[in-house]
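Heads up: the structure comes next, in structure tokens.
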Amino acid sequence: MGRMTDAPARWTQATVHPDMWTDPDDDPRNNEGPGPDGELPTLKDVLHNYRLTLLMKCEGLTPEELARRSVPPSTMSLLGLVRHVAEDERDWRNWITHGEPLPKLYGRRDADFDEAVGEQAVVDAAYADLKREQEATDAVLDAHPDLGERIGRESIAVRELLVHRIEEYARHCGHADLLRECVDGRVGQ
């Protein structure tokens with residue numbers, strides 16, 4: 001293992017604001033102008049932007065770089081984070097539906113991180129899993145536009161679940177900042 005002084009040089013592709021990830025005109029997130037009207041559209045917009053942020057933090061890396069556990073002794077990697085939030089989406093859906101819970105995507109506890117290996121097939125599967133699980137959870141929640149409605153076995157309020165999802169993605173975007181910087185030095189929002 002390298003020493004902390006062996007860290008890659010910090011860099012960003014942004015030219016307008018050098019502490020940002022990308023220039024405003026190239027940022028796919030909706031950060032300019034007025035936000036959406038209403039609580040539900042606002043929560044969905046914030047969740048959408050955090051999802052994009054996580055994907056942006058993974059852009060341009062090889063499978064090996066995505067799987068690198070760059071902040072020891074943590075077992076986290078960017079690929080592990082993608083797999084983890086896919087697992088979270090499935091778990092959240094289990095909270096809000098009835099019937100038998102769906103099985104864990106990756107089997108045993110912590111397999112989302114432990115089995116995140118630097119192979120293209122694993123990377124492709126992780127992104128496909130994430131997209132599928134996000135769409136499935138979104139579809140269930142779209143049937144419940146009343147933020148105060150309590151749903152599922154857990155009788156959780158729709159608002160609470162949306163806020164929890166935002167919180168989880170936001171926390172992991174912070175992890176992704178550190179992981180990415182230690183992989184190749186790229187910094188930014």
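The values are calculated or read from the model by the stated rules, or taken from the named source; none is laboratory data. Please read all numbers here as calculations on a predicted model, not as lab measurements. So basically every Cβ, Gly included, is an ideal-geometry build from the backbone, and we count neighbours across all protein chains shown. Remember, those area values only see protein heavy atoms, side chains included, never the ligands or the DNA or RNA. Shrake-Rupley method; radii C 1.70, N 1.55, O 1.52, S 1.80 Å.
Comparing Gly152, Gly107, Gly80 in a Gaussian network model of the chain where C-alpha atoms under 10 Å apart are linked, the largest mean-square fluctuation is found at Gly107.
In summary, the lysines within cross-link reach of Lys44, defined as a Cα separation below 19 angstrom excluding same-chain residues under 8 places away, comprise Lys131. Probing with 1.4 Å while keeping every protein chain in the model, the per residue accessible area of the chain equals 54 Å². A Förster radius of 25 Å combined with the Cβ-Cβ distance from Asp110 to Arg171 puts the calculated FRET efficiency at roughly 0.90. Compared with the dominant principal axis of the Cα atoms in the chain, helix 158-184 is inclined by about 10°. If you plug the beta carbon distance of Glu100 and Asp146 into 1/(1 + (r/R0)^6) with R0 = 30 Å, you get a FRET efficiency near 0.70.
Based on alpha-carbon positions alone, could you give the equivalent ellipsoid semi-axes of the chain from the gyration tensor, as √(5λ), descending, whole Å? Show your work: numbers first, answer last.
Numbers: eigenvalues 179, 102, 30 Å².
They are 30, 23, 12 Å, listed from largest to smallest.
On a 0 to 90° scale, report how tilted helix 120-142 is relative to the longest principal axis of the chain, with both axes built from alpha carbons and the result rounded to the nearest 10. Long axis of 120-142 versus the principal axis of the chain: about 30 degrees.
Ignoring the sites themselves, the chain has its longest run without trypsin sites (Lys or Arg not before Pro) in a DSSP loop having at most 13 other Cβ atoms within 10 Å at 11-107.
Take the solvent-accessible surface of the protein heavy atoms, probe 1.4 Å, and return the percent of it on the chain that carbon and sulfur atoms account for. Show your work: numbers first, answer last.
Working: 5510 of 10130 Å².
Taking all protein chains in place, the chain shows 54 percent carbon and sulfur surface.
Using C-alpha pairs under 8 Å with a sequence gap of at least 6, the mean separation divided by the residue count of the stretch 1-141 gives a relative contact order of 20 percent.
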